[in-house]
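Peer 1: I am attaching a structure below and will ask some questions about it afterwards.
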Amino acid sequence: MHSRRQMLPSSHPAPMVPPSAGTPAANLADAFHAFMATAGRMETSYGQLQAEVAQLRRELEERNAALTASLEENSSIRSALQQILQALPCGVIVVDKNHRVAWINPEAQRLIGVPSQAAGLRLQNLSQAVQGNLTAAIAREDEHELFIADESRWLSVRKTTLRLEGPRSAAESDERTILILRDITARKKADEQRERSRDMVALGEMAAVLAHEIRNPLSSLELWTGLLAKRPVGDGETSFVIENLQAGVRSISATINNILQFHNSGTTNHAPVNLLAVLQNSVSFVRPLADQAGIKLRLYAPLGSTEIMGDANGLQQVVLNLAINAFRHTYRGGTFTISASPRLEERRVLISFADTGEGIDEDDLPAIFEPKAITKNGPGLGLVICRRIVEQHSGTIRVESQSGRGTTFLVELPVL
C-alpha cells in the first residue's frame, strides 16, 4: 500500500527543471526565443512600413491632385491664350525652321488671303506673292511694310524668334519665327489723301495767284469789248465778231471770279440792293453768251422795289454761273428763263432759273453742288460758288431735274 500511494500523482506539479546547457532542449529553447524576438522586430518594422506606405500614398494622392489641378489650369490657360490669339485684331503667324506654317490666326488668314487650312503647309505651297513677302519678312530683323498685291492691302510686319528647348539638351531646341501683321491700308490711304490734299491746296493757291494776275487785263478787255459793242458798225460780220469776243471775255471772267470766290474765305460786306436791278444787269451781262449759244434768254421778275441785304456782285455771279451752266447743257434754239416771285407774307423771294436742256441724271443729283477738279468744260466750281454765295445771303438753293426734261434751280432769299 505504501508503495502505491507514492505512485499517485501529487496535487502540486513538480517544478520545471531547466535543461542543462548544451542539451538539445536548451538549443531549441534558445532558437525559439531568437525567433520570437525576430518576429517581434519584424512586426514592429512591418507596422512602421505600413505607416510609411500610408504616408507615401497620401503624399502621392496630394501630388496627383496638384498635378491634375495644374494640368487643368494649364489647359485652361492654353484655351484662354488660344481664344486671345484667335480674337487679336492683328495677324499672328508661327513658322518653324523648315518654313512650315505651324500656326496662323484668323486675322492673319484674312490679311494675307490664305485659307484656314494654311496651318501645316509650307510657304512654297502658298501663293507666289504671299510666299515671297513672308520669306522676305523672315529674313529681316526690323519692322517694315509690305504690300499684298492679291489683296490690295498694306501690312506692317514685325518679327520675333521663339526658341522651344528640348527635354534633354539645348541642341534639341526647336526655333520658330513669329510674324505679327497689322493692317495699315487705311493709314496709307490717309497719307496718300493728305498728300493729294496738299497738292490740291498748292495748286489752288497757284490758281488764285494766276486768277488775280489775269483779272486786271481781263477787266480792261471786257471794258474795250463793251465800248466796241456800243459803237455803230458798218456790217454784220464785224458785229458778229464783237459779240463773240464779248461773250468769250465774259465767260473767262466768270471762271476767274469763280476761282477767286472759291479760295476767298473772307466775309462779304452786304448792303441793301434792289433785286430787280441786279437781275436786269445780270441778264444784260450774260446776253452775249446766250446769243453765242443760240439760247433764248427771258426774264420775268415783277419785283418792283423789293430789296435784299446782299452783295450785288456776288448775286450777279450766281446768275452768271447758272446761266453758263444752262447754256452748256441746252441745245441751240432752247430757252433759259429767269423768274422771280416775292412771298411777302414769308418775307422771302423765290428766284427760278429754268432751262430746256438735257437735264441731270438722278444718280448725279446728290453731288451736284460738290466741287469737281476738272470737267469737260473746265473747273467744276460754278455750282459750288452759287451755293456758297446764296448761303452767305442766308438763303437756300436746290435743284429739280429729270434726264431729257431740263433743269430748274430754285434760289430762295430773305427780303427787307
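The values are calculated or read from the model by the stated rules, or taken from the named source; none is laboratory data. Predicted model only: the values in this text are computed from it and were never measured. Please note: Cβ atoms are built from the backbone with ideal geometry, for glycine as well, and neighbour counts cover all protein chains shown.
Peer 1: Kindly provide the set of residues from region 318-365 that are β-branched (Val, Ile, Thr) and within 18 Å of residue 297 (Cα to Cα), ordered by number. Walk me through how you get there before you give the answer.
Peer 2: To start, the set of residues in region 318-365 that are β-branched (Val, Ile, Thr) comprises 318-319, 324, 330, 335, 337-338, 349, 351, 356, 360.
Once the filter is applied, which keeps residues that are β-branched (Val, Ile, Thr) and within 18 Å of residue 297 (Cα to Cα), region 318-365 yields 318, 319, 324, 330, 335, 337, 338, 351, 356.
Peer 1: Quick check, is residue 385 of a type outside the set (Asp, Glu), in contact (Cβ under 8 Å) with a residue 24 or more places away in the chain and part of a helix (DSSP H, G or I)? Talk me through it step by step, then tell me what you get.
Peer 2: Details: of a type outside the set (Asp, Glu): yes; in contact (Cβ under 8 Å) with a residue 24 or more places away in the chain: yes; part of a helix (DSSP H, G or I): yes.
Yes; evaluated as a whole, the condition is true for this residue.
Peer 1: Examine region 392-408 for a residue that is closer than 22 Å to residue 281 by Cβ, part of a helix (DSSP H, G or I) and not hydrophobic (A, V, I, L, M, F, W, C), and state whether such a residue exists.
Peer 2: Yes, the conditions are met somewhere in region 392-408.
Peer 1: Working only within region 309-323, note down all residues that are surrounded by fewer than 23 Cβ atoms within 10 Å (Cβ to Cβ), touching a helix residue (DSSP H, G or I) at 6+ places or on another chain (Cβ under 9 Å) and not polar (S, T, N, Q).
Peer 2: Residues satisfying the conditions are 311, 312, 314, 319.
Peer 1: Since residue 335 meets every condition but one in (1) out of contact with any Lys or Arg (no Cβ under 9 Å at 6 or more places or on another chain); (2) β-branched (Val, Ile, Thr); (3) surrounded by fewer than 17 Cβ atoms within 10 Å (Cβ to Cβ), which condition does it not meet?
Peer 2: With respect to (1) out of contact with any Lys or Arg (no Cβ under 9 Å at 6 or more places or on another chain); (2) β-branched (Val, Ile, Thr); (3) surrounded by fewer than 17 Cβ atoms within 10 Å (Cβ to Cβ), residue 335 is out only on (1).
Peer 1: Here is a follow-up. Which condition breaks for residue 124 when tested against (1) surrounded by fewer than 12 Cβ atoms within 10 Å (Cβ to Cβ); (2) at pLDDT 80 or above; (3) polar (S, T, N, Q)?
Peer 2: (2)
Peer 1: Say whether the condition of being surrounded by 13 or more Cβ atoms within 10 Å (Cβ to Cβ) and either at pLDDT 75 or above or in a helix (DSSP H, G or I) (or both) is met by at least one residue in region 190-198.
Peer 2: Our first condition is that a residue be surrounded by 13 or more Cβ atoms within 10 Å (Cβ to Cβ); within region 190-198, this holds for none.
So far as region 190-198 goes, no, none of its residues is surrounded by 13 or more Cβ atoms within 10 Å (Cβ to Cβ) and either at pLDDT 75 or above or in a helix (DSSP H, G or I) (or both).
Peer 1: For region 283-322, which residues satisfy the criterion of being out of contact with any strand residue (DSSP E or B) (no Cβ under 6 Å at 6 or more places or on another chain), of a type in the set (S, T, N, Q) and more than 17 Å from residue 256 (Cα to Cα)?
Peer 2: 284, 292, 305
Peer 1: Okay, next question. Quickly run through region 90-107 and pick out the residues that are in contact (Cβ under 8 Å) with a residue 40 or more places away in the chain and either within 23 Å of the chain's Cα centre (by Cα) or not in a loop (DSSP other than H, G, I, E, B) (or both).
Peer 2: So the first thing to find is which residues in region 90-107 are in contact (Cβ under 8 Å) with a residue 40 or more places away in the chain, and the list is 90-97, 102, 107.
Answer for region 90-107, where residues must be in contact (Cβ under 8 Å) with a residue 40 or more places away in the chain and either within 23 Å of the chain's Cα centre (by Cα) or not in a loop (DSSP other than H, G, I, E, B) (or both): 90, 91, 92, 93, 94, 95, 102, 107.
Per-residue answers, yes or no, for (1) of a type in the set (Val, Ile, Thr); (2) closer than 26 Å to residue 151 by Cβ:
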position	(1), (2)
31	no, no
45	no, no
53	yes, no
72	no, no
86	no, yes
102	no, yes
106	no, yes
137	no, yes
